[in-house]
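This is the structure, below, for whatever I ask next.
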Amino acid sequence: MGIVAFNWAKEGNNRLTLVMNRDNWANRQNLSGRSVDNNGTWFAISRQRGRVAFLMSSQLLGDAVDLNYSGGELYPILFLESDLSPLEFARNLAEREAAEHKERTYCLVVADMALNSMVCIRKRALNETDVNIRTVPFGVHTLSPYYGLDSHSTKDSLLENHFTQMIGALGNDQLPLLQEFAWNFMGSPGAEGRRTVFVEFSAFHHNKQVFEDRIRFGTTSTTALAVERTGGVTFFERYRDTNGEWKEHDFRFNIQ
């Protein structure tokens, strides 16, 4: 589970600006964006080639863990390692899904900065093999596990509106505003009367063989990214460690 907002820009200082929350059960730990179940990830960016991939999946609600391809978590890594264009990768992935017939569902976005290409790949249902491929146009978009790209759901619209305001205020020093947005909107329950996309509640797990007591379900990581047209990348992430405490790190690098 989770939600993403991103701006795939035709003009301006940034080529790509992105914020992303990952939500899951506390018993399925996520460390700095990587899954301990299969070492997959929900977000990946290449320093050398300017390739980016990120996904949403509803399979975390069921804790359906496939050590090879649970919810497509290895696909971002496969895209970064491949030499295929985003569209070629999407078509190859569609063929793979049809052949393997694995029960997984996801919505994956892959982009190549050098090729100026971004594609959304969506597998809607666990028991279906059909994969929808869509070229992503320039502009602000949202991505959610249930509704895919550009849903008009209340939560997606809320994030889109706040995100659009945030990117309009970005200046030359982007990190402080990315951090503030990640903490105060993406990563905070908010003050009374102020809505956010942060998730936090306690509930009984649907599978008592996994966990019998009430456990926490909620936001476990927030990622913020800005990719400049010059090749400069600003990255910020906050995440819960194995003790449930929040950690954070940020760094900058140049795409080579």
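Given the options His162, Ser188, Asn132, identify the residue whose Cα lies farthest towards the positive end of the charge dipole of the chain (+1 on Cβ of Lys, Arg; -1 on Cβ of Asp, Glu).
Farthest along the dipole direction, towards plus: His162.
Which far-off residues, 5 or more places away or on another chain, put their amide H under 5 Å from the one on Phe198, with H placed in the peptide plane?
Ser188
Applying 1/(1 + (r/R0)^6) with R0 = 22 Å to the Cβ-Cβ distance of Ser117 and Thr164, what FRET efficiency is obtained, to the nearest 0.05?
Computed FRET efficiency for Ser117 and Thr164 comes out at 0.40.
Okay, moving on. What is the spin-label model distance, in nm, from Ile133 to Asp241 if the labels are put 7 Å beyond Cα along the C-beta direction?
Each label point lies 7 Å from its Cα, and together they span 4.4 nm.
In addition: Quick one: net charge of Gly232's neighbours, Cβ under 14 Å, K/R +1, D/E -1?
Neighbourhood net charge equals +1.
Separate question: Amide H to amide H under 5 Å from Gly232: which residues, 5+ apart in sequence or cross-chain, H placed 1.01 Å off N in plane?
Distant-sequence amide H within range of Gly232: Ile255.
Size of the dipole of the chain about the Cα centre, Lys and Arg at +1 and Asp and Glu at -1 on the beta carbon, nothing else charged, in debye to 20?
For the chain, the charge dipole is close to 220 debye.
Can I ask one more? At a Förster radius of 41 Å, what calculated FRET efficiency corresponds to the Cβ-Cβ distance of Glu200 and Phe251, to the nearest 0.05?
On the way: r = 27 Å, r/R0 = 0.67.
Once rounded, the FRET efficiency stands at 0.90.
222 nm [θ] for the chain, helices only, -39500 (n - 2.57) per DSSP H run of 4+, per residue, to 500? Intermediate results must be reported in sequence, preceding the final value.
On the way: 4 runs with 44 residues, N = 256.
Calculated from helices alone, the mean residue ellipticity at 222 nm is -5000 deg cm²/dmol.
Decide, for region 9-254, between rounded, prolate and oblate: order the square roots of the alpha carbon gyration tensor eigenvalues as a ≥ b ≥ c, take rounded if a/c falls under 1.5, and otherwise choose prolate if a/b is larger than b/c, else oblate.
Oblate is the answer for region 9-254, as a/c is 1.5 or above yet b/c matches or exceeds a/b.
Shape call for region 43-162 from the C-alpha gyration tensor, a ≥ b ≥ c root eigenvalues: rounded (a/c under 1.5), prolate (a/b greater than b/c) or oblate?
Values: a/c = 1.58, a/b = 1.02, b/c = 1.55.
It comes out oblate by the Cα gyration axes.
With unit charges on the beta carbon (Lys/Arg positive, Asp/Glu negative), name the residue among Phe198, Tyr146, Gly171 whose Cα is farthest towards the positive pole of the charge dipole of region 9-254.
Gly171
Now for a separate question. Could you compute the net charge surrounding Leu175? Neighbours are other residues with a C-beta less than 15 Å from the C-beta of Leu175; K and R count +1, D and E count -1.
Summing Lys and Arg as +1 and Asp and Glu as -1 gives -4.
I've got another one for you. Measuring from label point to label point, each 7 Å out along Cα→Cβ, what is the Asp173 to Ser157 span in nm?
Label-label distance for Asp173 and Ser157, simple model: 3.7 nm.
Ok, one more. Which net charge results when you count Lys and Arg as +1 and Asp and Glu as -1 among the other residues whose beta-carbon is under 10 Å from that of His249?
-1
Values in this text are rule-based calculations from the coordinates and carry no lab data. In this text the structure is predicted, and so the values were computed from the model without any measurement. In this analysis, Cβ positions are derived from the backbone assuming ideal geometry, glycine residues included, and neighbour counts consider all displayed protein chains.
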